[in-house]
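Novice: If you scroll down you'll find the structure; I have some questions about it.
Just so you know, all these numbers are worked out from the coordinates, no wet-lab data involved. Given the structure is predicted, the values throughout are model-derived calculations rather than measurements. Glycine gets a Cβ as well: all are built from the backbone with ideal geometry, and neighbour counts include every protein chain shown.
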Amino acid sequence: MSIQYGYYLPVGNVFDSVRFVSIAVKMTGFGTTAEQKQDKNGTPVWTISALVKRGEEAAGMENFSLTAPAKVAEAIGRVAELTPVRLVGLAGGKWAKAGSDRTEWSFLVIGIEVQA
């Protein structure tokens with residue numbers, strides 16, 4: 001169980017480098033009852049995985065939620081692995097598991113742009 005706060009704030013360009021890894025269906029539920037997550041309007045939600053680097057920190061994987069039609073996700077899926085990209089509309093939110101004082105970041109984007 002997690003405590004969800006219903007807002008994300010724009011975080012600007014917090015990563016020095018972002019390289020696309022993959023896009024996948026974001027699921028809700030478990031086992032045979034699992035379904036693709038959708039927003040309140042029925043638009044599918046996807047998870048974009050990327051290798052990110054910030055400052056002197058080691059590069060690491062990060063996931064970003066994207067709400068978009070399947071056609072947009074299919075186009076993003078054609079981006080070659082490890083292609084440099086820019087995260088469009090990056091927003092972040094913090095959440096904590098119930099009974100824990102540890103918080104985690106989660107991120108949303110409205111798209112990606114391939115960088116030259």
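Novice: Roughly how many nanometres apart are two label points built 7 Å out from the Cα toward the Cβ at Lys71 and Lys40?
Specialist: 2.6
Novice: Which lysines have a Cα less than 23 Å from the Cα of Lys40, not counting those fewer than 8 places away in the same chain?
Specialist: Partners within reach: Lys26, Lys71, Lys94.
Novice: Contact order normalised by length for the chain, with contacts defined as Cα pairs under 8 Å and 6 or more residues apart; what percent is it?
Specialist: Details: 241 pairs, mean separation 36.1, N = 116.
So the answer I get is 31 percent.
Novice: Follow-up question, since we're still on this one. Around Gln115, with a cut-off of 13 angstrom between Cβ atoms, what is the net charge of the other residues, counting Lys and Arg +1 and Asp and Glu -1?
Specialist: Values: positive: Arg19, Arg86; negative: Asp16, Glu113.
Result for the neighbourhood of Gln115: 0.
Novice: Summing -39500 (n - 2.57) over the DSSP H runs of n ≥ 4 in the chain and dividing by its residue number, what mean residue ellipticity at 222 nm do you reach, to the nearest 500 deg cm²/dmol? Kindly include the intermediate steps, with their values, before the conclusion.
Specialist: Values: 1 runs with 8 residues, N = 116.
Taking each H run of at least 4 residues, the total per residue is -2000 deg cm²/dmol.
Novice: Here is a further query. Name the most mobile residue of Phe64, Phe15, Phe30, meaning the one with the largest mean-square fluctuation, in a Gaussian network model of the chain with Cα contacts below 10 Å.
Specialist: Looking only at Phe64, Phe15, Phe30, the biggest GNM fluctuation is shown by Phe30.
Novice: Would you mind telling me the antiparallel percentage of the DSSP bridges in the chain, rounded to 5? Mind dumping the intermediate values first?
Specialist: On the way: 34 of 37 bridges.
Taking every DSSP beta bridge within the chain, about 90 percent pair in antiparallel fashion.
Novice: Pick the calculated percent of Cα pairs over 24 Å apart for this structure from (i) 29; (ii) 35; (iii) 50?
Specialist: Entry (i).
Novice: Here's a follow-up. So which residue, out of Leu66, Leu51, Leu82, gets the largest mean-square fluctuation from a GNM of the chain using Cα contacts under 10 Å as springs?
Specialist: Leu82
Novice: Using a 10 angstrom cutoff on alpha carbons, build the Gaussian network for the chain and name the most mobile of Thr32, Thr43, Thr83.
Specialist: Comparing Thr32, Thr43, Thr83 in a Gaussian network model of the chain, the most mobile one is Thr32.
Novice: So how far apart, in nm, are the two label points at Val11 and Thr103 if each is 7 Å from Cα heading toward Cβ?
Specialist: 1.2
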